Structure formats: C-alpha cells, structure tokens
Amino acid sequence: MGLFRELQSEIEKRSLSSGGWPGGNGGRAGIETTCYALMALGDHQGPFRQKAMDVLLSTQNPDGSWPAFEGDDPEGCWATALAVITLRFVQSPLPPIERALRWLLNNKGREGHWFWNWKFRTVDRGVQFNPDKYGWSWFPGTVSWVIPTAFSLIALKQSFPCCRTERVVNRIQLGTEMLRDRACPQGGWNAGNGIVFGAVLTPHIDTTAIALLALTEDYRQPSTLQALNWLRQTCVECSSVYSLAWSAVALLIHQDRLADLCTARLRRALSSNRPIANVETLCLAAIAINAAGGSANPFQVVI
C-alpha cells in the first residue's frame, strides 16, 4: 500500500486552503476534481477530507444539482451524478443525495423533447443516432453524451439497488439503450456518437471505460463485449496514467482477465518519474491502485 499512500499524500498537498481541489489552474474548487479526490482519500480521516466534504455539501444548488465549479451554474450540470456517487461512497447523510436524485430524474438530453426528437429524425441527420433513446447531458438544454449518461446510470443504480419505481426503471433502461445505440462500430465509445456525417469515429479510452462502469449488468450484450475487447487491446499499448487508471477501474469491475496487467502497466507508468501535474489523474490512479488491492471500488454497482 506504499504507492497508494504516496498518492494520497500528494493529493492532500494539492488541496485548496479553503477546501476541495481546483479544476485546472483555477483557484475555485472544481466539483469533478473534488469528487475524485474524496474517492481517493476514502475513509482516510483528516482535515483535507472534512473541508472538502464541507465544500461539496455547501455548493449544492437549491434544486438539488451541483455546478461544475464552486459558485457557478445555478441550473446544475453533469457533475451532479458524480457528486451522488461520491457522497454515497463516503457515507454522507441521505438528504443531499435524495435531492440530487430528484434533479437527475427530472433531467434528460434535449432529444428527449418531442420537437428535438422530430428534428433529429427529419432534418438534422448528420449525426446518426436514435433520438428515442436518450440519457443525460453535460448541461441542461443540450443533447445526451456518453460520460454524463454513464455517471447518471451509476448514481441511479447505486441509489436504487432494488425496489425501483417505474420511473427509475424507465430512465435506467433508456440510458442503457442510449449507450448501446451510440457505441462505435469497432467497439467502445467516442464522446457522443459512433458515426457523424457518415464517418466512423475513433473510440476514446476514458469514455469507453466510464461507459463500461455503467454496464456491469449488461455484460452479455454485444456492445459491451465489443467494448471490453477493444479496451483490452488498446490499454496494453497505452502509457497515459489517466487512461490506464480508467481502464483498470473498468476492467476490475468487470472482473476481466486483463485487469492485473492493466494495473501493472499503471504502476510502471507511475514509477517513470514523470511529474503528474493533473490532480484528477493522481486521484484516479489512487482509486485504481486501491481497488486493485481489494478495497471498495466507488463505481461498483451491486448486481
């Protein structure tokens, strides 16, 4: 656990004096970065963790959503799903989570509205997807994208492991179908669609890994099997700590045979003495190393 504790120590050093962690080079707490850092610290008690929890809870909007950064986006954004996953993982009180879940259930990609559904079916045909299958967007009023949909599915599945209402069941089913519909033909996922203006897009490692986290119950589906196969082939040639961390987290959750190899490559990449400037990368590496050691994976969905 020496490497894991070293990563935790470096993450703590980079926290803001006011609490939380900055997204990029800014001086304000970024919700995404702060969530990953809290996952990485886990149950490691200390002032950094508590101050970050205070920031995360205090930045929740009145409607239950979260902004992308402290003080931004009163209408909320995709980071709401990530905040739900984080708060559940660190065993936060339930009321903030319940308010956020109501916001998630009330939001959908723009193609879920009848007018935009009609437009994508009849006029705007440059991007090939089925508008009847929608998920969640980066920000309200925009179309569905893969990563916000995957995180929202994880949040709903973790929060409602059983006895799901019809509304919850329908949203999970729609979001799952949206991911299947927008997979790249060769396997995996690009940011939003697999084909645009007739051109087949290249899958992204991080997007594919995150989508796979939401599809643990879907492991027999062709799109999931194809994505796992593509990720296996791609991660063994990857040297990016960020991409290897996401790959390891996904392969571990799917109990894939290449999970150990991917984790070993991640460890080698971390020991290469190349400085890691990005806090999110440090956090994701810590999450992956910890999960590989048998500790809880914050993205795990009980099947």
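The values are calculated or read from the model by the stated rules, or taken from the named source; none is laboratory data. Owing to the predicted nature of the structure, the values given are computational and were not obtained by experimental measurement. Please note: Cβ atoms are built from the backbone with ideal geometry, for glycine as well, and neighbour counts cover all protein chains shown.
Inside the range 6-22, can you point out the residues that are surrounded by fewer than 20 Cβ atoms within 10 Å (Cβ to Cβ) and either under 21 Å from Leu270 (Cα atoms) or hydroxyl-bearing (Ser, Thr, Tyr) (or both)? The answer is Glu6, Ser9, Glu10, Glu12, Lys13, Arg14, Ser17, Ser18. The selection criterion, being more than 30 Å from Leu87 (Cα to Cα) and part of a helix (DSSP H, G or I), holds for Leu261.
Filter the range 161-173 down to the residues that are surrounded by fewer than 18 Cβ atoms within 10 Å (Cβ to Cβ), in a helix (DSSP H, G or I) and touching a residue at least 24 places away in the same chain (Cβ under 8 Å) and list them by number. Answer for the range 161-173, where residues must be surrounded by fewer than 18 Cβ atoms within 10 Å (Cβ to Cβ), in a helix (DSSP H, G or I) and touching a residue at least 24 places away in the same chain (Cβ under 8 Å): Arg167, Val168. Screening Arg274 against (1) over 19 Å from the mean Cα position of the chain (by Cα); (2) modelled with pLDDT under 95; (3) part of a helix (DSSP H, G or I) leaves a single unmet condition, (3).
Pairs are defined by a Cβ separation below 6 Å, a sequence spacing of at least 6 or placement on different chains, a first member in the range 141-160 that is more than 17 Å from Ala209 (Cβ to Cβ), and a second member that is charged (D, E, K, R); the pairs so defined are Thr142/Arg110; Val143/Arg110; Val143/Glu111; Gln158/Arg88.
Which one of Glu217, Glu237 is at pLDDT below 95, in a helix (DSSP H, G or I) and of a type in the set (D, E, K, R)?
Working: Glu237 fails: in a helix (DSSP H, G or I).
Sole residue among the options that is at pLDDT below 95, in a helix (DSSP H, G or I) and of a type in the set (D, E, K, R): Glu217.
Each row is one residue, and each column tells you yes or no for (1) in contact with a strand residue (DSSP E or B) (Cβ under 8 Å, 6 or more places away or on another chain); (2) within 23 Å of Ile289 (Cα to Cα); (3) without any contact (Cβ under 8 Å) to a residue 40 or more places away in the chain.
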position	(1), (2), (3)
Ser15	no, yes, yes
Gly26	yes, no, no
Gln45	no, yes, yes
Asp63	no, no, no
Trp66	no, no, yes
